[in-house]
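Here's the structure we're looking at; comments come further down.
The values are calculated or read from the model by the stated rules, or taken from the named source; none is laboratory data. Keep in mind it's a predicted model, so treat the numbers as computed, not measured. Backbone-built Cβ (ideal geometry, glycine too); neighbour counts: all protein chains shown.
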Amino acid sequence: MTTELTGGSRLGPRQAGAREWIGLAILSLPTMVVFLDLTVMFLALPHITVDLGASALQSLWTVDIYSFLIGGSLVAMGRLGDRVGRRKLLLIGAGAFGLLSIAAAFSTSPAMLIAMRAGLGVAGATFMPCTLALIRTMFPDPKQMARAMAIWSTVGMAGLCLGPSVGGLLLNSFWWGSVFLIAVPLMALLVLTGKVLLPESRDENAARLDFASVALSLAAILAVIYGLKELARNGWDPVPAVACVVGVLLGVLFVRRQARLADPLLDMSLFRIPAVAGALTLFMVTGIALAGSGLLVSQYLQLVQGLSPFAAALWLIVPSVVAIAGVQLSVPLATRLPPSLVLMGGLLLSAVGMVVISRAPSAGGLAVLVVGLCIIYAGVSAVPAISNQLTMMATPPERSGSAGSLSTTSGELGNALGIAAIGSLSTVLYTSWVAVPPGVPAGASAAAKEDLAGAVATSGTLPAPLGDQLATAARETFTSGLSTIAIGCAVTLAALTVVVYATMRHVKPIGSEAPEPEPEDGPAVPREAEVAADRA
């Protein structure tokens, strides 16, 4: 591996200085933007649907394609960064992301917007693996790395949680395209300052990118997610069922190909380290629960409680602040206590928050919902920073880009699956349970049975008593579905504590072990992978 940063002294790893900490602030920008672009669409989507005349399927793909392509491209981008240089790839991705954001903001058709969102997903996939690899290069001391990870995770959590709030604030004053333009100045700042503040690092021995593996991984991910989404949304159908089967088969071929390659795209041996396997599982499953429930919460605020995007944004500010504070608290705790204890406590706390959300009524349930969200975010905020830290510590430095892609792929796939699966499950529950009042015309009844948005819109076209009955029935049905899903998420989060205990109970507090001394004839050889394996 080459890098502009030098090694440490005989007394321990080199300590980061002012340049590295300023560089960390710059590195945090793309992470915030990639998460912001995931959730900012929740409140903007109704406006986009009306303005561009998008169908229900086009609206879903506008949201889904971004996270799907991020998840599908992360492994390839992590490996590409190892080969061409993490800083170089990061700056290229940032420039492309800024230009594509401008194009997305001024899209003139649903197809154009979906294409731009797909491009943003590919460009955004360069950010997190390169960022994690550069953080490891810039902060070789484990305790400084833990603090850097806490700051980086805080900014990412802020982007994820504040996305709906930022979107609501912008939509209160500007058109829907403004939610994309917020990325442009941030990407410009990164491109202008990155070459000065960030070091370059790469794996000099990295082999050429295996494009067959790239194609297999991307095709497998897209096929499985498409199939699950369509089956959950429309019921049994041979086309999405076949897509799921094909996706699984392609995934098996991908894994078998990695086992045969001398220099695979994805190092499968990492999964044999229990702490890494547990961290990746935790990251994915919590992403499913949070992203899916977050989509339903946004719909609850607007369609059940009748809030404007601006008012919904204000209600979401407090939980977002709690999440940011939670990251800052959990990482220092993990340097004093075993990470497994911190993670298990956070998961149980989040499960309690899901139970609180399940008690929110369709009328007057705002306070209950916000309290539940605060509890959830306080508990789950420990997952990103600690999971990333454990994964990076277990990986040789020359493969840090690939390791960063592996960690973030789990989180991004969790987000994508959560939006697709839980959003579709909510639709299934709604269409199965909704009872349209007698007297509603057939056309209006069909629209009301499709989803909550259709029922609310249709109720406004009916006479007052009948329209009010339809709206009330639809909102109560949606809230019942939200309650059921929240209970399911609570059980899932509680069950994850078993996974954490089984895979991480022997992991010591982060940075608690003495650094390896340097040999007399050269700098110390990093041994994080051996340390993590010994811990496990």
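In the set SER362, SER350, SER381, SER330, only one residue is out of contact with any Phe, Trp or Tyr (no Cβ under 6 Å at 6 or more places or on another chain) and over 28 Å from SER405 (Cα atoms); that residue is SER362. Suppose the filter is out of contact with any Asp or Glu (no Cβ under 8 Å at 6 or more places or on another chain), closer than 30 Å to GLN302 by Cα, polar (S, T, N, Q) and at pLDDT 80 or above; does SER59 pass it? Taking the combined requirement at face value, the residue does not satisfy it.
Would you point out which residue out of SER173, SER153 is among the small types (Gly, Ala, Ser) and within 17 Å of the chain's Cα centre (by Cα)?
Answer to the selection: SER153.
Taking LEU134 as the residue in question, decide whether it is assigned by TED's automatic domain parsing to the domain that holds ALA382, touching a Leu at 6+ places or on another chain (Cβ under 9 Å), part of a helix (DSSP H, G or I) and more than 30 Å from PHE254 (Cβ to Cβ). So LEU134 does not fit the description; no.
Here LEU307, LEU316, LEU343, LEU337 are screened, and the one residue that is touching a helix residue (DSSP H, G or I) at 6+ places or on another chain (Cβ under 6 Å) and outside any helix (DSSP H, G or I) is LEU307. If you go through the range 462-470 one residue at a time, do you hit one that is buried (at least 19 other Cβ atoms within 10 Å of the Cβ), within 15 Å of GLN302 (Cβ to Cβ) and in the same structural domain as THR62 (by TED's automatic domain parsing)? Scanning the range 462-470, I find no residue that is buried (at least 19 other Cβ atoms within 10 Å of the Cβ), within 15 Å of GLN302 (Cβ to Cβ) and in the same structural domain as THR62 (by TED's automatic domain parsing), so the answer is no.
Being surrounded by fewer than 24 Cβ atoms within 10 Å (Cβ to Cβ) and under 19 Å from LEU171 (Cα atoms) is a description that applies to LEU52. Select, from SER298, SER269, SER293, SER308, the only residue that is closer than 24 Å to VAL63 by Cβ and either touching a His at 6+ places or on another chain (Cβ under 9 Å) or surrounded by fewer than 20 Cβ atoms within 10 Å (Cβ to Cβ) (or both). Exactly one of SER298, SER269, SER293, SER308 is closer than 24 Å to VAL63 by Cβ and either touching a His at 6+ places or on another chain (Cβ under 9 Å) or surrounded by fewer than 20 Cβ atoms within 10 Å (Cβ to Cβ) (or both), namely SER308.
Per-residue answers, yes or no, for (1) buried (at least 24 other Cβ atoms within 10 Å of the Cβ); (2) without any contact (Cβ under 8 Å) to a residue 24 or more places away in the chain:
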position	(1), (2)
SER109	no, no
THR131	yes, no
ASP141	no, no
ARG147	no, no
VAL166	no, no
SER173	no, yes
GLY177	no, no
PRO185	no, yes
ALA188	no, no
